[in-house]
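Chemist: Please read through the structure below; I'll follow up with questions.
The values are calculated or read from the model by the stated rules, or taken from the named source; none is laboratory data. Note that the structure is a prediction, hence the values are computed from the model and not measured. Here the Cβ positions follow ideal geometry from the backbone for every residue, glycine too, while neighbour counts run over all protein chains shown.
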Amino acid sequence: MTERSVVHSTFIIERVYPQAPAKVYFALTDAEAKRRWFGDPSNPQRDSYRMDFRVGGQEVNSGGPKDGPVHTYTATYLDIVPNQRLVYSYDMLFGDTRISVSLATMELRPEGAGTRLVLTEQGAFSTATTHRQRASTAPTSCSTCWATLCGQSDKAGCWPRS
């Protein structure tokens, strides 16, 4: 049996977007809108995606490179305050190996005509290497996704039509 260690860490990412909280909330909670931006932009191949957005509901996103293991994200929604807050737990698997389990809170705060999004994540990462990789890439990868999500234009088609 392979010995695995665990590393605990917390990180916070804050971003300000020019859209109102209701629009950011829509892009985070509507399955079709989120499907357009949630994933690896450098490898858009996805095996499956489903979202049951309600307290106790799950979101599952899996896919990966043609020649590599499937990466699977499985989240369970724990607390939902429309246009204000999402609390969820999730785990990440590479192939059949669980690499992390996290508790995440997304807060949407009005800021001028836009929104300040604050993501606080508390994670248990299965190895020190995984933790270092996650801690070093999470702000960048989230920024890439969120730039698509909340960019000045709606190239991804995420915003509700008013």
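Chemist: Please work out if ALA113 is touching a strand residue (DSSP E or B) at 6+ places or on another chain (Cβ under 9 Å) and of a type outside the set (Asp, Glu). If you could, list the steps in order and put the result at the bottom.
Modeler: On the way: touching a strand residue (DSSP E or B) at 6+ places or on another chain (Cβ under 9 Å): no; of a type outside the set (Asp, Glu): yes.
Judged against the criteria, ALA113 is not a match.
Chemist: Does ARG98 count as part of a strand (DSSP E or B) and of a type in the set (Lys, Arg)? Spell out the reasoning first.
Modeler: Numbers: part of a strand (DSSP E or B): yes; of a type in the set (Lys, Arg): yes.
Yes, satisfied.
Chemist: Turning to a different aspect of this structure: I need every pair where a residue in region 35-51 that is surrounded by 15 or more Cβ atoms within 10 Å (Cβ to Cβ) has its Cβ under 6 Å from the Cβ of a residue that is part of a loop (DSSP other than H, G, I, E, B) and at pLDDT 80 or above, sequence separation at least 6 or different chains.
Modeler: As it stands, the answer is none, since no pair meets every condition given.
Chemist: Please tell me if ASP91 is assigned to a strand (DSSP E or B) and within 24 Å of ALA22 (Cβ to Cβ). Please lay out each step first, then the result.
Modeler: On the way: assigned to a strand (DSSP E or B): yes; within 24 Å of ALA22 (Cβ to Cβ): no.
So ASP91 fails the test.
Chemist: While we're on this one: If only one of PRO18, PRO41 is at pLDDT below 95 and either within 18 Å of SER126 (Cβ to Cβ) or over 16 Å from the mean Cα position of the chain (by Cα) (or both), which one is it?
Modeler: Numbers: PRO41 fails: either within 18 Å of SER126 (Cβ to Cβ) or over 16 Å from the mean Cα position of the chain (by Cα) (or both).
One residue alone meets the criteria, PRO18.
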